[in-house]
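Single-structure report; data block below.
The values are calculated or read from the model by the stated rules, or taken from the named source; none is laboratory data. Keep in mind the model is a prediction, meaning the values are calculated, not measured. Positions of Cβ are generated from backbone atoms using ideal geometry, with glycine treated the same way; all protein chains shown enter the neighbour counts.
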Amino acid sequence: MAVITMREALNQAMREEMQRDGNIFLMGEEVAAYQGAYKVSKGLLEEFGDKRVIDSPITELGFAGLGVGAAMAGLRPVIEFMTFNFSILATDQIINSAAKMLYMSGGQFKIPIVFRGPNGSAYQVSSQHSQAMESWYAHFPGLKVVMPSTPADAKGLLKSAIRDDDPVIFLEQERMYGIKGEVPDEEDFTIPLGQADIKREGTDATIVARSLTVPLALKAAEELEKMGVSCEVIDPRTIRPLDIKTIIESVKKTNRVVVAEESHSFCGVGAEISAQIAEQAFDYLDAPVRRISGADAPMPYAKNLEKLALPDVEKIVAAVREVAYLD
Amino acid sequence: MATQVVMPKLSPTMEEGQLSRWLKKEGDKVSAGEPLAEIDTDKATMEAQALASGVLRKIFVEAGSTVPLGEVIAVIAEADEDISEIVARAQSGKTGAENKKSIEENVEAGQDGAQQELATVVPEGARTQATIQEQPLAGDAGEDGSSKSSDEAVQASSGGRQLPAPPPPTVNQQPPTNGDGAPDGRVIISPLAARMAAEANINLQTLRGSGPGGRIVKRDIEAVMSAGGANQPQSQSPQAQQQQQPSPVEAPPQAPAQQSQVQGAAAYREVPVSEMRRTIARRLATSLGPVPHFFLTTEIDMDKATEMRRSINDLDPELKVSINDFIIKVTAAALSQHPQVNASYNDKTIRYYDGVDIGVAVALEGGLITPIVRGTDKKSVGQIAREVRELAERARNRQLRPEEYMGATFSISNLGMFGIDEFTAIINPPEAAILAVGQAKAMAVVRDGEIVVKQIMRVTLSCDHRIVDGATGAKFLQTFKKLLENPLYLLA
């Protein structure tokens with residue numbers, strides 16, 4: 001298996017899919033000539049030409065709407081947001097058009113579109129550019145929401161997302177574009193949407209982590225192992241549809257759960273997971289589900305405060321110790 | 001944190017107690033477990049011990065006074081702590097009545113060991129010294145032992161996947177009480193622990209949780225279960241353990257102190273049924289009940305077989321033939337002559353097997369399995385010996401393939417190595433019979449009117465009466481006996 005970066009894995013996924021299907025095109029700010037703000041679309045303009053790799057003006061609502069229309073007309077657009085913070089401008093097209101069209105047209109119009117781009121915090125980009133948006137999009141029926149945490153997952157899931165006939169919100173993490181990992185060489189490597197991955201098996205506590213918090217949770221699990229606590233780390237990978245079954249099975253085994261997420265806790269994905277655990281595995285819980293989330297405040301610019309506002313290994317370790325009644 | 005010391009219920013009929021003597025005075029430092037006062041109840045004089053460490057700040061009840069159950073008799077607190085509120089409330093007299101009510105409820109909800117289940121009441125947030133323990137009898141150091149063994153049991157039961165033990169309680173650690181979260185005396189418990197307790201029939205009133213705010217959690221229930229189940233003296237509160245463990249230094253285990261307090265049904269622990277055990281249960285329950293068994297026992301003179309075995313092994317030590325290998329070989333030969341015993345009853349038909357496949361019971365950790373020597377009748381003793389050794393080895397490593405232990409035509413179970421003289425085995429359906437083999441040992445027997453010493457071994461044949469009648473079984477055993485007593489027949 002080749003070891004490549006998350007950025008390269010995403011690039012490969014798009015390239016392979018565009019080679020496979022001429023209806024797929026990429027549109028967004030700086031995706032063509034500049035090859036992407038994060039260089040995810042490197043080489044695509046050269047290979048596929050400017051009919052299929054299109055630089056848009058700075059008009060999120062506009063090009064998101066173009067994408068939805070193109071999808072209705074039979075194409076398979078991939079819309080890149082320079083960051084998902086800017087997708088806020090496009091939410092009317094995403095939520096009111098893309099998510100609803102299949103239902104409101106009585107099944108006549110499917111919307112095979114992928115909205116993708118970096119999500120969550122980066123390095124000192126402050127309040128307006130550090131938001132994790134998954135709970136927004138996961139909230140509305142009609143959208144699928146995907147959050148990979150490894151290059152392999154990124155590639156396999158993006159290919160599935162592009163092939164999916166429903167609108168998919170594909171959330172990359174700005175801090176993770178450079179992380180490296182093994183990616184299977186097989187030509188048609190895909191990972192089905194809606195399937196969680198047990199990133200580490202354990203028996204004493206379950207850590208449900210996604211995107212940025214997956215490597216943190218794995219590190220925390222290593223430290224906890226030294227303290228005699230065996231942690232299972234589950235990465236749902238897809239937030240919608242959520243593979244709650246895998247999580248519940250793990251809870252039944254470990255009886256204790258910590259959800260680690262970069263986003264705010266209030267009305268967040270962690271809250272949803274906690275609620276579903278309470279509904280489906282109440283009698284298996286030996287401790288309340290504990291959430292480690294981003295601070296309930298706008299992201300500070302200051303480096304030290306930014307660090308405090310984000311989940312880290314120490315916070316996850318402390319939370320697991322708490323639910324395991326070790327402190 | 002200030003701790004109120006209350007008049008405890010020291011006997012089931014106690015309504016009030018006389019404070020006969022204070023053993024500490026105001027301003028004295030006290031440590032958890034130290035005697036505080038002597039109290040006369042309607043039955044006896046008992047010593048009240050401090051449950052918290054600190055300074056005996058205030059004594060409300062003078063020696064000689066009689067006060068009702070639940071009355072606050074003193075306060076233990078830090079030297080510089082503000083206790084004015086507690087003092088005011090205690091002096092208002094309200095606390096006592098509330099406490100008394102709670103004590104009675106607790107005792108009622110608890111069990112007969114009311115001397116153990118003592119007042120635990122905490123009015124409005126302040127902690128109350130819940131328990132004043134009955135003073136152990138002189139020389140009776142066992143309390144430590146019992147609590148230790150309970151702790152050890154928790155550890156022992158934990159295996160590899162238990163969380164690390166919580167830090168041992170220290171003397172200045174406040175006992176968790178209901179007061180933190182449930183002034184109404186509600187049991188605070190995790191959903192999982194509640195379910196486990198319900199399933200194991202554990203009385204939660206006797207239990208104190210080790211979680212935050214006194215929450216009863218999984219490990220507390222496991223501790224009770226491994227200490228011997230519900231309603232055991234060991235299942236007492238951390239307060240009691242705290243008293244019993246003034247220091248975390250290991251004390252040698254001692255006999256439990258209060259044997260007389262063991263009451264109710266015997267303790268037990270429940271472990272999940274393993275897959276193997278479940279299979280054994282399912283298979284054998286289709287045997288002795290539905291299959292009408294009868295049993296035939298005979299004695300075999302093993303002198304010649306023993307001699308022959310020795311000779312064979314002398315010829316080739318590599319063979320390592322055992323007596324059991326001889327028994328297997330002879331059984332196969334006898335079955336060839338008595339096909340009625342090498343058969344299965346199938347409701348509408350009786351299946352007689354052409355060949356002999358003998359299952360040999362092998363004991364495993366947590367169960368047993370019967371690997372099969374296929375075509376036993378066609379194999380030499382040496383072949384059988386090798387094959388049985390190899391099968392048993394793989395059986396112990398759980399490496400047998402299903403076809404290697406399923407579908408024998410006859411089974412042999414040998415408990416001779418455990419010193420068993422004779423026993424009856426349960427048929428492994430659909431086989432028609434099983435041979436239970438006891439140990440061979442030197443015995444005085446009568447031969448030609450003389451008492452001589454012989455190697456005698458008893459075997460019992462269990463037969464499925466639906467196919468094997470008494471005489472059929474007896475004739476088979478007769479052949480078996482003849483062959484084993486004269487193994488040269490195997491060559492004839």
Quick one: is A:Pro192 closer than 20 Å to A:Gly294 by Cβ and either small (Gly, Ala, Ser) or not assigned by TED's automatic domain parsing to the domain that holds A:Thr91 (or both)?
no
Out of B:Glu62, B:Glu71, B:Glu78, report the one residue that is surrounded by fewer than 17 Cβ atoms within 10 Å (Cβ to Cβ) and over 14 Å from B:Lys25 (Cα atoms).
B:Glu78
Identify all residues within the stretch B:197-217 that are assigned to a loop (DSSP other than H, G, I, E, B) and within 14 Å of A:Leu326 (Cα to Cα); write none if there are none.
B:Gly209, B:Ser210, B:Gly211, B:Arg215, B:Val217
Give me the residue from the stretch A:276-291 that is outside any loop (DSSP other than H, G, I, E, B) and within 15 Å of A:Ile316 (Cα to Cα) and, out of that set, nearest to the other protein chains (Cβ to nearest Cβ).
A:Arg290
State whether the residues of the stretch A:304-318 include one that is closer than 17 Å to A:Ile247 by Cβ, in the same structural domain as A:Arg237 (by TED's automatic domain parsing) and in contact with a strand residue (DSSP E or B) (Cβ under 8 Å, 6 or more places away or on another chain).
yes
Hey, among A:Val257, A:Val269, A:Val251, A:Val229, which residue is closer than 20 Å to B:Gly211 by Cα, in contact with an Asp or Glu (Cβ under 6 Å, 6 or more places away or on another chain) and either among the hydroxyl-bearing types (Ser, Thr, Tyr) or at pLDDT 95 or above (or both)?
A:Val229
Looking at this structure, is A:Ser230 among the polar types (S, T, N, Q) and surrounded by 21 or more Cβ atoms within 10 Å (Cβ to Cβ)?
no
Assess whether A:Arg76 counts as being in contact with a Phe, Trp or Tyr (Cβ under 7 Å, 6 or more places away or on another chain) and surrounded by 18 or more Cβ atoms within 10 Å (Cβ to Cβ).
no
Any idea which of (1) assigned by TED's automatic domain parsing to the domain that holds A:Pro288; (2) under 16 Å from A:Met1 (Cβ atoms) is the one A:Thr150 doesn't satisfy?
(1)
Does A:Val233 qualify as being within 26 Å of A:Leu171 (Cα to Cα) and in a strand (DSSP E or B)?
yes
Can you list the strands (runs of 3 or more DSSP E) lying wholly within the stretch B:393-492 that have 3 or more residues being surrounded by fewer than 22 Cβ atoms within 10 Å (Cβ to Cβ) and in contact with a Phe, Trp or Tyr (Cβ under 6 Å, 6 or more places away or on another chain)?
none
Can we say B:Asp325 is in the same structural domain as B:Thr424 (by TED's automatic domain parsing), free of Cβ contacts under 8 Å to residues at least 12 places away in the same chain, assigned to a helix (DSSP H, G or I) and acidic (Asp, Glu)?
no
Before we move on, is A:Ile239 closer than 21 Å to A:Tyr325 by Cα and away from chain B (no Cβ under 14 Å)?
no
Filtering the stretch A:292-308 down to residues that are out of contact with any Leu (no Cβ under 7 Å at 6 or more places or on another chain) and surrounded by 19 or more Cβ atoms within 10 Å (Cβ to Cβ), which residue is nearest to the other protein chains (Cβ to nearest Cβ)?
A:Ile292
In the stretch B:423-456, the residues that are under 21 Å from B:Pro292 (Cβ atoms) and either out of contact with any helix residue (DSSP H, G or I) (no Cβ under 8 Å at 6 or more places or on another chain) or β-branched (Val, Ile, Thr) (or both):
B:Phe423, B:Thr424, B:Ala425, B:Ile426, B:Ile427, B:Pro430, B:Glu431, B:Ile434, B:Ala436
The number of residues in the stretch A:277-313 that are closer than 15 Å to B:Leu192 by Cβ and without any contact (Cβ under 8 Å) to a residue 24 or more places away in the chain is 3
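Residues are listed down the side, and each one gets a yes or a no for (1) closer than 27 Å to A:Ile95 by Cβ; (2) surrounded by 20 or more Cβ atoms within 10 Å (Cβ to Cβ):
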site	(1), (2)
A:Arg7	no, yes
A:Asn23	yes, no
A:Met27	yes, yes
A:Tyr38	yes, yes
A:Leu45	no, yes
A:Asp50	no, no
A:Pro57	yes, no
A:Phe63	yes, yes
When you scan the stretch A:246-269, do you find a residue that is outside any loop (DSSP other than H, G, I, E, B), of a type in the set (Lys, Arg) and more than 14 Å from chain B (Cβ to nearest Cβ), even just one?
no
